[in-house]
Amino acid sequence: MREIFKRLADNWEVHILSCSFRGSKPYEYLEGMHIHRVGERNTFNYFVPFKYKELERRYDFSLVIEDLNKLPFYTNLYSKKPKLAILHHLFGKSIFEETNFIFGAYVLLYERSIPIFYKNIPFVVVSESTKEELVKMGFKEENISVIYNGIDTEFFKPSEKSPTPLVVYINRIRKYKRPDLALKVFKLVSERVKDVEFVIVGDGPYMKVVKEMARELGIDVKFTGFVSEEGKARILSSAWVLVNTSAKEGWGLVNMEAFASGTPVVGFRVHGVKDSVKDGYNGFLSDYEDIYDMSEKVVEIIENENLRRMLSKNARKFAEKYTWDNSAKEFEKVIKELIQD
């Protein structure tokens with residue numbers, strides 16, 4: 001949202017309706033965009049129709065772009081303006097890996113209503129995997145544009161690697177991101193490789209459980225908690241390999257940050273991750289939850305210097321193909337076609 005629309009703000013008047021947070025202002029003008037805030041994270045969708053109608057009366061929008069992030073806002077029910085929907089990925093049944101049955105069913109019910117209320121609305125998605133999901137739900141393929149996320153290859157770039165093997169996991173520490181599986185991979189790798197350092201970067205509601213699991217497994221893991229973007233870039237550029245055990249992604253932004261840093265990724269063959277990780281080229285893929293195969297591939301990268309260098313070189317080359325400028329240009333094409341129509 002930020003990277004694409006701040007670029008589009010050079011040619012378009014951009015308004016973003018978002019939830020508020022502690023200490024936030026109800027309105028700010030940032031990076032050329034008008035930011036309007038209402039409600040809170042868990043109540044935002046209930047405030048949207050009323051706030052949107054107020055903004056539409058004031059600004060008479062040419063196009064409404066709805067970001068379908070977990071819960072749809074059903075803008076078709078209260079706005080007759082041309083529409084475009086953005087989708088990273090659907091949770092589907094993977095939501096039950098994150099939360100209890102009641103809340104999981106709540107999200108799943110909302111997702112299953114999307115084909116009913118959005119069938120004739122064009123979509124922009126971030127990967128072929130997400131496009132496949134929509135087609136399976138009954139959406140027309142020609143109504144779906146794939147525009148990949150970009151990456152700042154000047155900010156994330158290769159530097160000198162750690163002198164000893166460094167394996168990292170970077171993500172929000174949430175249940176469906178499966179940090180528990182990353183710990184089990186670390187355990188298996190530690191039994192094969194000496195002097196290897198394991199680092200988990202990020203924070204989240206599942207952190208207490210993950211730290212307790214690390215103690216039970218008896219593995220030495222460094223938990224950094226939340227780090228700055230600069231800190232993340234330093235860790236990624238010095239890492240030998242990134243492990244991504246997420247159950248599902250839209251595209252895998254952390255994979256791209258690793259690739260730009262010259263760091264190969266070992267992940268599961270799941271939606272999103274399989275789109276950005278090209279098996280044998282910039283990393284490796286294992287079947288979901290196959291921690292033994294994943295650990296074997298991590299060990300192979302650590303022990304085979306020629307392989308590691310090849311994957312690192314290919315990873316950087318792959319990342320250089322994806323820029324936010326290109327993403328913004330592709331997005332602008334879609335907008336112009338909709339407004340002209």
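Flag not set for K184, criterion: of a type in the set (K, R), within 22 Å of F259 (Cβ to Cβ) and touching a residue at least 40 places away in the same chain (Cβ under 8 Å). Criterion applied to Y110, Y148, Y118 was being at pLDDT below 90 and crowded, with 16+ Cβ neighbours inside 10 Å, and the one residue passing it is Y110. Output yes when any residue across region 177-190 is within 21 Å of R269 (Cα to Cα), surrounded by 13 or more Cβ atoms within 10 Å (Cβ to Cβ), among the aromatic types (F, W, Y) and in contact with an Asp or Glu (Cβ under 6 Å, 6 or more places away or on another chain), and no when none is. No, every residue in region 177-190 fails to be within 21 Å of R269 (Cα to Cα), surrounded by 13 or more Cβ atoms within 10 Å (Cβ to Cβ), among the aromatic types (F, W, Y) and in contact with an Asp or Glu (Cβ under 6 Å, 6 or more places away or on another chain). Between V209, V221, the distinction of being assigned by TED's automatic domain parsing to the domain that holds K274, farther than 21 Å from L285 by Cβ and surrounded by fewer than 20 Cβ atoms within 10 Å (Cβ to Cβ) belongs to V209 only. For S237, the requirement of being in contact with a helix residue (DSSP H, G or I) (Cβ under 7 Å, 6 or more places away or on another chain) and among the hydroxyl-bearing types (S, T, Y) is not met.
Considering R234, R269, which residue is under 13 Å from K157 (Cβ atoms) and of a type in the set (D, E, K, R)? Of R234, R269, the one residue that is under 13 Å from K157 (Cβ atoms) and of a type in the set (D, E, K, R) is R234. Across region 194-203, the number of residues qualifying as surrounded by 12 or more Cβ atoms within 10 Å (Cβ to Cβ) and either modelled with pLDDT under 95 or in contact with a Leu (Cβ under 6 Å, 6 or more places away or on another chain) (or both) comes to 1.
Restricting region 6-17 to residues that are without any contact (Cβ under 8 Å) to a residue 40 or more places away in the chain and out of contact with any Phe, Trp or Tyr (no Cβ under 8 Å at 6 or more places or on another chain) leaves a set whose member that is farthest from Y46 (Cα to Cα) is D10.
For S228, indicate whether it is surrounded by fewer than 22 Cβ atoms within 10 Å (Cβ to Cβ), modelled with pLDDT of 95 or more and farther than 25 Å from E305 by Cβ. In short, yes. The lone criterion from (1) modelled with pLDDT under 95; (2) among the aromatic types (F, W, Y); (3) touching a strand residue (DSSP E or B) at 6+ places or on another chain (Cβ under 6 Å) left unmet by F223 is number (1). Residue count for region 245-255, restricted to those that are over 10 Å from the mean Cα position of the chain (by Cα) and modelled with pLDDT of 95 or more: 1.
The values are calculated or read from the model by the stated rules, or taken from the named source; none is laboratory data. As the structure is a prediction and not an experimental result, all values here were calculated from the model. Please note: Cβ atoms are built from the backbone with ideal geometry, for glycine as well, and neighbour counts cover all protein chains shown.
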